[in-house]
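Everything on this sheet refers to the single structure shown next.
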Amino acid sequence: MDDSDRSTGFDTRAVTAGEKAMTSQGAFGDVVSPIHLASTYALDGIDPSLALEDVDPDAGEFLYSRLSNPTRRTLERQLAALEGGEHAMAFSSGTAAIAALGLSILEPGDRLVAFEDLYAGTKRMFTELFAGRFDVDVTFVDATDVDAVAAAVDDRTALVWLETPTNPLIRLCDIEAISALAHDHGALVGVDNTFLSPYFQRPLDLGADVVAHSTTKYVNGHSDAIGGAIVTDDASLADELALTQQITAGSMLSPFDSYLTLRGLKTLPLRMRQHERNAMELAEFLEAHPAVSEVYYPGLESHPQHDLATRQQSGYGGVLSFDLAGTQDDAITFLESLDEFALAVSLGGVESLIELPAAMTHEPLDPAQREAIGITDTLVRMSVGIEDVADLRADLEQGLELISTLESPADD
Ligand code: PLP
């Protein structure tokens, strides 16, 4: 692939990088990739020496759409170009992408060192599947502390898995420092880049070996397709992922979802800039409001890792959390009073979403586990959309006014 050529800017690559190479192979001069629904492709003749590995989708060669498909291939090339990697593989969900990676790298007896503050589904995969079924030694650490990671990584460690920033408390870890120490032990470093997208953070440039995405979130950006991807410069890992996971385990993205994701990707830079502008304004508004006790957004100077965010990221993203000063009932009243924010899990779409982690995304954790991580009953997480920020702010303002006028039990 030659799509990672950085002589063009990110915004240009987002529109055309994968598309140009693949659509130029078509008969009609399409400027966007068509949705290739064909499950199989007629051959010109029989070549008994043809092996699967010899079929080259980038040269317009296709056999069967589980192996590769023109629309999926276009998306994969586009994703590789944006993350600055050589190879990308698109999977049926972010979860499938992360599972594919683990199943390609880990063997029984290996150690997997992971940030303790991971997306709950990934944590469940690591403990129940990798540790529980495959006898991998899974060790969770506080990866905000580089020394804690250094203490956990040993020569048995095959993979260090990071998420930065995390959900819902927006904690960061230092990708460059952790990659350097992991490489000293021969371990690979993988980063889930879902929360920032390649527009705001490129882990491969910081020394990581593999990047994962739930493309369901910012990459697609329109809350209408579940998908995932892995990007890497490591050719043998890419071959392993394609052969054992997409081809053998059958865990690949459909042509229609590939098309939707490609379509979403073209406006990624525009969307990310607006997500961030809106999130910054709302974070500053919330920080100054008396009904809010704490705001977690790395763009604020009050964020304990603001300097790391400024160094490691090229923007602060569109997700923020905040703690309300009252009770959980107040928080529920607040959330239910909002018009512009849909009460929903997930994030990264053009529309603003809001949720109460203790009762929604993180409800499966017991209260002690939530308390240990710092998730209170009144913590609210927002995925700030690209709407008119004045409308979002007015909506939050009326909700906060409403709970400020409620009588608290302490007043009885
Ligand atoms: N990684 C992160 C950071 C997520 O937030 C999610 C889902 O919320 C996933 C991975 C899983 O992605 P999917 O829902 O596409 O399987």
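The values are calculated or read from the model by the stated rules, or taken from the named source; none is laboratory data. Bear in mind the structure is a predicted one, so any value in this text is a computation, not a measurement. For neighbour counting, all protein chains shown are included, and Cβ atoms are generated from backbone atoms with ideal geometry for every residue, glycine included.
Yes/no matrix, rows are residues, columns are (1) assigned to a loop (DSSP other than H, G, I, E, B); (2) within 16 Å of the ligand (Cβ to nearest atom):
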site: Ile332; (1), (2): no, no
site: Gly348; (1), (2): yes, yes
site: Ile354; (1), (2): no, yes
site: Ala358; (1), (2): yes, no
site: Pro364; (1), (2): yes, yes
site: Arg381; (1), (2): no, yes
site: Asp391; (1), (2): no, no
site: Glu397; (1), (2): no, no
site: Leu400; (1), (2): no, no
Q | Selection status of Thr232, crowded, with 22+ Cβ neighbours inside 10 Å, within 16 Å of the ligand (Cβ to nearest atom) and under 23 Å from Pro165 (Cβ atoms) | A | no
Q) Is it the case that the stretch 220-229 has a residue that's crowded, with 22+ Cβ neighbours inside 10 Å and either among the aromatic types (Phe, Trp, Tyr) or away from the ligand (no atom under 14 Å from the Cβ) (or both)? A) no
Q.
Every residue in the stretch 192-216 that is more than 10 Å from the ligand (Cβ to nearest atom), under 22 Å from Met252 (Cβ atoms) and not in a helix (DSSP H, G or I), please.
A. Asp209, Val210, Val211
Q. Which one of Thr16, Thr12 is without any contact (Cβ under 8 Å) to a residue 12 or more places away in the chain, surrounded by 15 or more Cβ atoms within 10 Å (Cβ to Cβ) and not in a loop (DSSP other than H, G, I, E, B)?
A. Thr16
Q) Would you call Asp30 charged (D, E, K, R), assigned to a loop (DSSP other than H, G, I, E, B) and crowded, with 22+ Cβ neighbours inside 10 Å? A) no
**Q.** Those residues of the stretch 370-412 which are over 30 Å from Gly221 (Cβ atoms), at pLDDT below 85 and not acidic (Asp, Glu), in sequence order
**A.** Leu406, Ser408, Pro409, Ala410
Q.
The conditions are (1) in a helix (DSSP H, G or I); (2) small (Gly, Ala, Ser); (3) touching a helix residue (DSSP H, G or I) at 6+ places or on another chain (Cβ under 9 Å); (4) within 29 Å of Pro357 (Cβ to Cβ), and Ser258 fails exactly one of them. Which is it?
A. (4)
Q. Just for helices (runs of 4 or more DSSP H) wholly inside the stretch 65-127: which have at least 1 residues that are over 20 Å from Glu53 (Cβ atoms), in contact with an Asp or Glu (Cβ under 7 Å, 6 or more places away or on another chain) and away from the ligand (no atom under 16 Å from the Cβ)?
A. 70-83
Q: Being away from the ligand (no atom under 15 Å from the Cβ) and either within 13 Å of Gly102 (Cα to Cα) or not hydrophobic (A, V, I, L, M, F, W, C) (or both) narrows it down to one of Val136, Val141, Val153, so name that one.
A: Val136
Q: Could you grab the pairs with beta carbons closer than 9 Å, sequence gap of 6+ or different chains, first residue in the stretch 261-282 and over 16 Å from Gly317 (Cβ atoms), second one at pLDDT 95 or above and of a type in the set (Lys, Arg)?
A: Gly264/Arg271
